[in-house]
Every structure is written in structure tokens, then in C-alpha cells.
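Below is one structure; the comments refer to it alone.
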Amino acid sequence: MKNHRYRCLVFLLAVWTLSAALGWAAKRVSLVSDPNLAAPAKHGVEELASALRSKGVTVQQRSSLKKASRPIVFLLGSSGSNNVRFLAGSLPALDLPSVPGSLLIKKVQWKGKQVVLLYGGDARGLMYAALDAAEEIRLAADGSDLAGSVIETSEKPFIKERGLSKVVMNQSEFERYFYSPDYWTEYLNLLARSRFTNFVLLLGYSSAGYLDPPYPWFSNTPGFPGVRVDGITLAVQRRNLEALRRIIRMTHDRGMEFTLAIWTDIYRSKEKFPGMVVGLDDQNLVAYNQAALGNFLKLVPGIDRLQFRVHVESSVELPEQIPFWHSVLKVIKDSGQNIKVDMRAKGFYDDMIDDALASGVPVRLATKYWGEQMGLPYHPSHIEIHNQYDRARSDYADLLRYPKRYDMLWRLWNLGTTRILLWGDPGYVRRFAKTCLLYDGPQAAAYEVSEPLAFKMGHHRGPTYDLLSKQYQYYRWEFERYWYFYEVWGRAGYGSRSSPPLWQHEFSHRFGEAAAPFVEHAYHTASWILGRINAYSLGDLSADYAWAEKQRWGSLPAYVDYPPSDTAQFIGIQEAANLYLARKHDARIWPQQTAHWFEKTGNEVLEQVKGAEQAGVPESNKEFTSTMIDMKVLANLALYHSRRIYAGLSYALFKKTQDLNELDDAIRHEKEAI
């Protein structure tokens, strides 16, 4: 009996010793990367090393695979890497991707070591591989199996350019973070991790004179001493200039291009504010902008692309437009910086296109996807009739001509739709991304989406505020609340396989394993509601004023007359009443079908919320509390419209027939909606 106990004790001691040894080995890692990496690859290496250290790992960094002495090796390389070539020599079956932005994550055994190969078709692809591995390690429950926590994959981009636009509308809000390196580190890290390729800083859109135009906020232009920002000092200009230069450098360091969008060239409103541009008028407009842009490009090198709103809303009147934009493009050409240009297609007529293409500057046309709002993920079949063939408005009209002379940028103008509430569905983004191949192949296709909170401050110059009260905040910067929005718009447009396991781990990390599937399902389902509202009833064309998250969609008589966004797919309420009275059939989607969809979807979201709330998430989890509130708001918006559609139909029938029973029904349904 004593011998048996002794043998058991020895066995347990051996198991403990082996476990400790394996655990100790797992905490010792070699990280091998080639010297002189490009900045994006270097960023990926640094993030991976940081993630490993956060798990208590000692990291041995080496530039040669031969010098890696630890039992686990993370090997990072891209095209031309000597280390990867050396490894591949002993592993002939290794298939290395070559497409720019592509990546390979592969685990292999090599000379008794566990090697995790992180490879990119270029520096950006290598960064993606490293950032994925870093995120998976951070989300791992513990650091006992570092290699096991990294998911093998081989991916390449579906849409070449995936852009994210930050719309600057309010000085108080913008300067809250404009000067903060910490903000831009976290913000641009998220964009890089989400696989965006282009960061767009959009200035001068409905900003009440702020940065209209931007040049005098950064420097004075020689020859134009009278054009200045009222009250600005040289110190403030220098601070603004250095902040912008820093953002551009940080964007490039994370493998993204930097686009500066300049949407207003002169502020013409009669409403005046302190700290506005003075001294600019029609007499010096062309000459000043030509000189100011040239001076600005010298002071701010590194801009990859400029984006312009070219029609009258840029405050340049029609007779001035060709000479104005001709001079602007000449300045860009003469700068010698190979800057690409996006020209907003709205009001961009053939003679202007011809002149732009003849400038020698790489010009692309940008147009709004689904007009002024976020609708559904397909190109509308037929928009409201007065805009159908008018290139002066919101869509691409007759621009998709062959033979091709330019590429297209599809801009989802969602800033009037997803303002405050949470949004995120990879299925929506994947369907959207496929439609961006309408005119361009995968290696030329491009889209741009606006970040949440773009319209947080509206059009005024007043002080900013916190979206959530202090006691409910669970983040340092407000954009962190919308992490999933950024993730799906960058990654799901990158490729169909990116990145469900990573997201599922993220949801579990944030909300617990029991609640995570319910929260994710609620996100995915609820994210279709706002787009469907805009699709079946276009309450107001303008993104500035239509706000599906909170508006009741007009009084009932006005609501009845609102047309759908896509009149070839949806029947409007007034038209449905006419068809019903005429006993006519129609293959389009009837309002009653939309009402049924809203009711089904709203109830489905509430079921997921109920499941999540019953999963035992601690009350201290502020993100869970905030997320569930947003999901309930979206669900009840769907239920509201499911009732109101019937109120509208009954009211339309009453107006046609004067049947008081229909009026009673309209009142009853409207009360139910409220």
C-alpha cells in the first residue's frame, strides 16, 4: 500500500514537473522578422510583441530564423524574405500568396520547434497577419497555448480599396481629439486592425464656416494677406499643421493611404460666427485657392489623394467651375507629388469630366450609394422619379459608360442614418461589397463608408458633449463604442472568410460565453432595420435632416405621400391604396409585406435581447447595458413602423373613399405605433 502511494506521488510529481516545464516553455517565444521592415509590417511586429508580453511571455526578437532558440517561433515575412525562403526550402508544400494585401497564417513543425508563420503578399498583408495573431493572443483565456490560439488562414482582398471617412463638422468636437496622439494611436490602430486601406478626413461639409476653406487654418498664403481666419495666431496655425502632419504619418505607418477631402471652397452663408475665414470673395476666389492649395501641398507632404465636391454646393458657381477646377488640377499636377483625385459626380458634367481627364492627374469619380441615406445592400433599381436621370443629384445616372475612362468610388452616405445607435452585420457588408464590382473588377473596386457619430453635432458651432453620461461610459474615446461597425466594414469587404472566429472570441471576451451568441445575433438582425426604413419610405431626401433612428417620419398625411427610395422594388403607401381600390396586382413589395418584415424582425431582436439578459452578465458590464438598450431601441423602431404602415394605408383609403371605418382604423393603428 505504501509503495502504491509512493508510486502515485512520484507520478503526480512528474506530471506537475512536465506541466510546469511546458508552461514555462510556452512563456518563452522567439519572434523573427527581417531587418529594415516597411512601416506597416513593423507596426504589426510591435503589436504582436506587445500582445505576447501582455500574457507574461518573454520575447526573444531575432532577425534570423537560424538564431531563434525558443521552442515557439513566430516567423514574420513577406515577398523576398530570406527567413521565409529558408523555411520554405525545407517545406516544399508551402504555398505563399503574392497578391498585395494577401496573407497566410500557417503553423508548422521545424527542427523540433513550433513555428507560426505570418506571411503577407506585401507589407500591408504581413501587418494584417501579425495584427490577427496579436488579437487572437490578447483574447485567449490564458497564455498556456499561444500557438494554439492563433487561427490558420489564407486570405486575399476582395475589394481593393476599403475607405473610412471621418466628417469634421464641429470645431469643439474635432479639437477635442485633433491634437491628441493617444486618440489617433487608438483610432488608426482600430482602422488598421479592421483592414481599411484608406482613411478620409473630410473637411468643410455643413460645418457652419469651420474649415471653409481649410487652408488659412494651417498657414497664411503669400500674396493674400487679407485672407485669414479671424483671430487665429501663428502658434495655433503651427499647432494645426503639426497635428495634421502627424495624422498623415501615423496613417501611413499603419498601411493606409491618407485622403484629404475638401468640400467647401468659400463660405457664403449670411450667418456669421467668430473665428471664420475673412477676405475671400468671388474676385479673388480662383487666384486664392490656386495659390493656397499649392502652398498647402508644400507644407503638408504625404497626402495620397484629394477629394473634392465639385458642384455648386462647394460654393463655386456653375460659370466658374471649369476654370476653377482646371486651375486646381494644374496645381496638383505641378506639385510633382503624384496625388490622386476623387471628384464627386454630383453635378459633374461631361465637359468638366473631359477637362479633368485631360489634366494628367489620376482622376476617379465618386458617387453616393443609395442617395442621401443608407438603404439596402444593392444598387437601387429606380430612385424617386425627379432624380432618376439627373446627374445633378445623388446617383450615378449615365456615368457607367464604355469604353471606360475612369474608375468609380462608391460612397455609402450613411452619416444621416447610423448616427448614434450600434450597427454591425458582416452579411450586409459582403452583399454591399459584391455590388461595388458593378463597373470595376476586384483590383480596381473601391468603397467608402462614413463613421458613426458623423452628425453628432449637426451644423452648429456650439460646445460638444458626451454621448453617454459619465456613469455609463465604458471607454475612453467615443469611437470605441462602435468597434464592431469598424470591424465589419473593413474586414467583410476584405474577404468573405474574415473573420467570424475572431469576432466570436471578441463577443465572448466582452459579454461572456453564454451571452455572446445572443448579442452577436441581435447585432446582425437589428442592423437591417434602419436601411429598411429608408428603403420603403423616404421621409426626407437629405441626410442632414432625415434621421431614421429617432424621427416619427412626419405627420400621417405627409407619411402617406412619401415615396419609397427604390420605386421599382417597393410600392408606396398612397400607390398601394390606389392599386387596392382598383383591384390590381403588382409584383413589387407591398407595404403590408414590409410591415410583416418589421414585426418579425423587431420580435426576433427582442428574443435575442431576452436570451442575452438571461445569460447572467454582471450588472457592472456597462457595455452590455448600453448595447442592450440600443438593440431594444432598434427593435421597437421596427415594431413602430410595422403598426404605422397600417395606419398610413387606412388613412390613404379614408381619403379616397371617405369611409369613417378606415379613419377609425388609421387612428387605432397610429396609437398602436406610438
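The values are calculated or read from the model by the stated rules, or taken from the named source; none is laboratory data. Just so it is clear, the model here is predicted, and its values are computed rather than measured. Glycine also receives a Cβ, built like all others from the backbone with ideal geometry; neighbour counts cover every protein chain displayed. When the accessible area is computed, the model is the full protein with side chains, heavy atoms only, and any ligands, DNA or RNA have been set aside. Shrake-Rupley method; radii C 1.70, N 1.55, O 1.52, S 1.80 Å.
Extending 7 Å from Cα along the Cβ direction at Lys67 and again at Glu604 yields two label points whose distance is 5.6 nm.
For segment 461-512, the normalised intensity computed at q = 0.18, 0.19, 0.23 Å⁻¹ comes to -0.73, -0.78, -0.94 (log10 of I(q)/I(0), Debye sum over alpha carbons, equal scatterers, no solvent). Of all beta bridges that DSSP places with both ends in the chain, some 20 percent have antiparallel geometry.
When the Cα centres of segment 470-486 and segment 660-674 are compared, how far apart do they sit, in Å? Between the Cα centres of segment 470-486 and segment 660-674 lies a distance of 40 Å. Of the GluC sites (Glu not before Pro) found in segment 223-307, the ones in coil according to DSSP and having at most 12 other Cβ atoms within 10 Å of their Cβ are Glu271.
Quick check: from the Cα gyration tensor, does segment 31-159 come out rounded (a/c under 1.5), prolate or oblate? It comes out rounded by the Cα gyration axes.
At a Förster radius of 56 Å, what calculated FRET efficiency corresponds to the Cβ-Cβ distance of Glu513 and Leu299, to the nearest 0.05? For Glu513 and Leu299, the calculated efficiency is 0.60.
Ranking Ser78, Tyr406, Leu468 by how far each Cα lies toward the positive end of the dipole of the chain (charges on Cβ) leaves Ser78 at the top.
What the Cβ-Cβ distance of Asn82 and Ala38 gives, at R0 = 22 Å and to the nearest 0.05, is a FRET efficiency of 0.90.
Relative intensity of segment 107-226 on a log10 scale, I(q)/I(0) at q = 0.10, 0.23 Å⁻¹, equals -0.53, -1.33, per a Debye sum over C-alpha point scatterers of equal strength in the absence of solvent.
Pairs of C-alpha atoms in segment 182-316 farther apart than 19 Å represent 52 percent of all such pairs. For the chain, the residue among Ile529, Ser33, Leu422 whose Cα projects farthest onto the positive side of the dipole built from Cβ charges is Ser33.
Take the Cβ atoms of Glu271 and Thr233, set R0 to 25 Å, and the FRET efficiency comes out at 0.50.
Please state the shape class of segment 492-546: rounded when a/c is under 1.5, otherwise prolate if a/b exceeds b/c and oblate if not, all from the C-alpha gyration tensor. Judged from the Cα gyration tensor, segment 492-546 comes out prolate (a/c at least 1.5, a/b above b/c). With each label modelled as a point 7 angstrom along the Cα→C-beta vector, the Tyr183-Ala141 pair spans 3.9 nm.
Say the cut-off is 28 Å between C-alpha atoms; which of Lys434/Lys456; Lys368/Lys622; Lys156/Lys404; Lys270/Lys298; Lys330/Lys404 go over it?
The pairs that break the limit, which is 28 Å between Cα atoms, are Lys434/Lys456; Lys368/Lys622; Lys270/Lys298.
Dividing the C-alpha radius of gyration of segment 120-182 by 2.2 N^0.38 Å, with N its residue count, gives 1.66. List the relative contact order of the chain as a percent without decimals, with contacts defined as Cα pairs under 8 Å and 6+ residues apart. RCO, the chain: 11 percent. Per residue, the chain exposes 41 Å² of solvent-accessible protein surface, assessed with a 1.4 angstrom probe and all protein chains in place. Heavy-atom accessible area for Asp142, with the other protein chains in place and a 1.4 Å probe, reaches approximately 80 Å². One chain, two ends: Lys330 and Ser555. Fully extended at 0.36 nm per residue, the span grows by 75.9 nm beyond their Cα-Cα distance. Shape of segment 581-622 from its Cα gyration tensor (a ≥ b ≥ c, root eigenvalues): rounded if a/c is under 1.5, otherwise prolate when a/b > b/c, or oblate? Prolate shape, in that a/c is at least 1.5 and a/b is the bigger ratio.
Taking 7 Å steps out from each Cα toward its Cβ at Arg401 and Ser50 produces label points 4.9 nm apart.
Note that segment 527-584 shows a convex hull volume over its alpha carbon atoms of 87 Å³ per residue.
Taking 0.36 nm per intervening residue step and subtracting the Cα-Cα distance, what contour gain separates Arg430 from Val312 on full extension?
Value of the extension gain: 39.1 nm.
For a modelled paramagnetic label at Leu241, 7 Å from Cα along Cα-to-Cβ, no residue of segment 321-364 is in reach, as no backbone nitrogen comes under 12 Å.
Once the Kirkwood radius over Cα pairs is known for segment 63-107, the Stokes-Einstein relation at 37 °C and 0.692 mPa s delivers a diffusion coefficient of 283 µm²/s. Annotation: Lys600 carries an accessible surface of approximately 120 Å², with a 1.4 Å probe and no ligand, DNA or RNA atoms counted.
When the Cα positions of Val310, Leu260, Gln290 are compared along the charge dipole of the chain, Leu260 comes out farthest toward the positive end, with charges on each C-beta of Lys, Arg, Asp and Glu.
Annotation for segment 553-599 versus segment 39-55: alpha-carbon center distance of 54 Å. In terms of packing, defined here as the mean over residues of other Cβ atoms within 10 angstrom, the peptides 349-361, 279-291 line up highest first as 279-291, 349-361. In the chain, the alpha-carbon atoms span a convex hull of 212 Å³ per residue. Counting Lys and Arg as +1 and Asp and Glu as -1 over every other residue whose Cβ lies under 15 Å from the Cβ of Val300, the net charge comes to +4. Per atom type, the chain shows carbon and sulfur on 54% of its accessible surface, probed at 1.4 Å.
The reciprocal of the average 1/r between distinct C-alpha atoms defines the Kirkwood hydrodynamic radius, which for segment 526-674 equals 16.3 Å.
Fully extending the segment from Tyr474 to Arg497 would add 5.3 nm, taking 0.36 nm per residue of separation and subtracting the current Cα-Cα distance.
For segment 476-555, the set of trypsin sites (Lys or Arg not before Pro) satisfying both a DSSP loop assignment and a count of at most 14 other C-beta atoms within 10 Å is given as Arg476, Arg497, Lys550, Arg552.
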